[in-house]
Amino acid sequence: MARIVILGADGAIGRHMAGRLTALGHDVTGTTRRSDTLGPGRVLADLADPAFSAMALPSAEIVLICAAMARFADCREQPELSRRVNVAVPAQVGRHYEAAGARVVLLSTSAVFDCLAPNMAADAPMSPLSAYGRMKAEAETALLALGPSISVLRLTKVLTPDIALLNGWIAALKASSPVRSFTDMTVAPITLDDVEAALLAVIADGAGGRYQVSASDDVSYAAIAGHLARRLGVPVSLVEAIDAASAGIPPNEVTRFTSLDTRRLQAASSWRPSPGLAAVDRVFAPSLG
């Protein structure tokens with residue numbers, strides 16, 4: 001069993017992976033920036049703190065960098081802070097652990113592409129339009145340059161049961177109230193189980209470079225809202241389809257396609273992509289009946 005450090009164990013992915021890897025018998029330490037969550041298997045480390053030092057982190061054989069400032073608006077509005085969290089600290093952590101002989105896996109995003117075409121290959125040139133995508137592209141480049149012990153796992157939208165937007169839609173539709181959703185923004189949604197399977201495969205594969213995990217198709221937010229309406233047995237006419245610009249979304253943050261080519265991950269594991277709406281059903285089944 002391995003000594004594993006997870007940066008960002010407070011987040012949905014980090015928390016899920018800490019539990020899963022511990023259950024598999026690994027010695028797992030997760031970082032937290034909240035003193036009230038300290039306890040066994042947790043160390044205090046605030047990636048936003050200018051005084052952060054990777055040298056203060058525990059020794060490890062495998063490091064998962066799950067921490068990030070991932071909201072597009074946050075990266076646009078807080079460029080210095082988000083660059084520290086998304087680029088500077090991951091690069092520092094990568095240098096420290098690579099020099100110590102550890103394997104490092106950086107979680108990245110489909111936003112490293114321009115989101116103008118579907119099913120992007122892992123080796124396609126990066127062409128980010130959003131601030132978040134540019135930062136993640138920079139982080140990928142910096143870490144992969146360190147050597148073959150570094151891996152990148154790109155994710156599409158990860159659905160969790162606490163997503164406010166979809167829970168709000170479900171509550172409104174159950175009350176026969178209208179909801180508004182975008183026709184021109186898509187996701188290729190996956191679940192925490194998909195992320196888990198992908199990370200375990202990357203760890204087991206032992207190779208560096210880029211891997212990608214994604215649903216098999218892109219679905220618009222309007223299509224998801226319509227699907228929820230049908231599952232709940234209410235009129236689809238309750239869904240008002242709008243474009244992103246009408247809600248003030250900057251053009252460079254409109255994700256028309258986010259799906260990724262997952263062939264490398266499939267070759268390394270038994271995982272296979274599912275349709276995007278299947279992820280919606282799996283995550284929100286308790287609310288849909």
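Bear in mind these aren't lab numbers, they're just calculated from the coordinates by the rules spelled out. This one's a predicted model, so the numbers in the text were calculated from it and none came from an experiment. All Cβ positions, even for glycine, are placed from backbone atoms using ideal geometry, and neighbour counts span all protein chains on display.
Observations
- Projected area, mean over directions - segment 1-141, Cα convex hull, nm²: 9.2
- Among Met1, Met126, the order by Cβ neighbours within 10 angstrom, fewest to most, reads Met1, Met126.
- Applying Stokes-Einstein at 25 °C and 0.890 mPa s to the Kirkwood radius of segment 47-100, computed over alpha-carbon pairs, gives a translational diffusion coefficient of 206 µm² s⁻¹.
- Projected over every direction and averaged, the convex hull enclosing the alpha-carbon atoms of segment 232-289 yields 6.6 nm².
- Relative contact order for segment 1-94, counting Cα pairs under 8 Å that sit 6 or more residues apart, in percent: 31
- Helical runs assigned H by DSSP (4 residues or longer) give the chain a calculated mean residue ellipticity at 222 nm of -10500 deg cm²/dmol, each run adding -39500 (n - 2.57) before division by the residue total.
- From the C-alpha gyration tensor of segment 152-262, square roots of 5λ in Å: 30, 17, 10
- Packing around the peptides 251-264, 128-141, taken as the average count of other Cβ atoms within 10 Å per residue, puts them in this order, highest first: 128-141, 251-264.
- Alpha-carbon centroids, segment 86-124 and segment 249-289: separation in whole Å: 19
- Taking the square roots of five times each eigenvalue of the Cα gyration tensor of the chain, the equivalent ellipsoid has semi-axes of 32, 20, 19 Å, listed largest first.
- Whole-Hz Karplus values for segment 264-281 come out as 5, 5, 5, 5, 8, 7, 8, 5, 9, x, 10, x, x, 5, 5, 5, 4, 5 Hz, taken residue by residue from phi with 6.51 cos²θ - 1.76 cosθ + 1.60 and θ = phi - 60°; glycine and proline positions read x.
- Judged by the mean number of other Cβ atoms found within 10 Å, the most tightly packed of the peptides 213-221, 191-199, 51-59, 76-84 leads the ranking 213-221, 191-199, 76-84, 51-59.
- The GNM of the chain, with springs linking C-alpha atoms under 10 angstrom apart, assigns the highest mean-square fluctuation among Gly101, Gly248, Gly30 to Gly248.
- Both numbers refer to the Cα atoms of segment 11-67; Rg and Dmax are 11.3, 35 Å.
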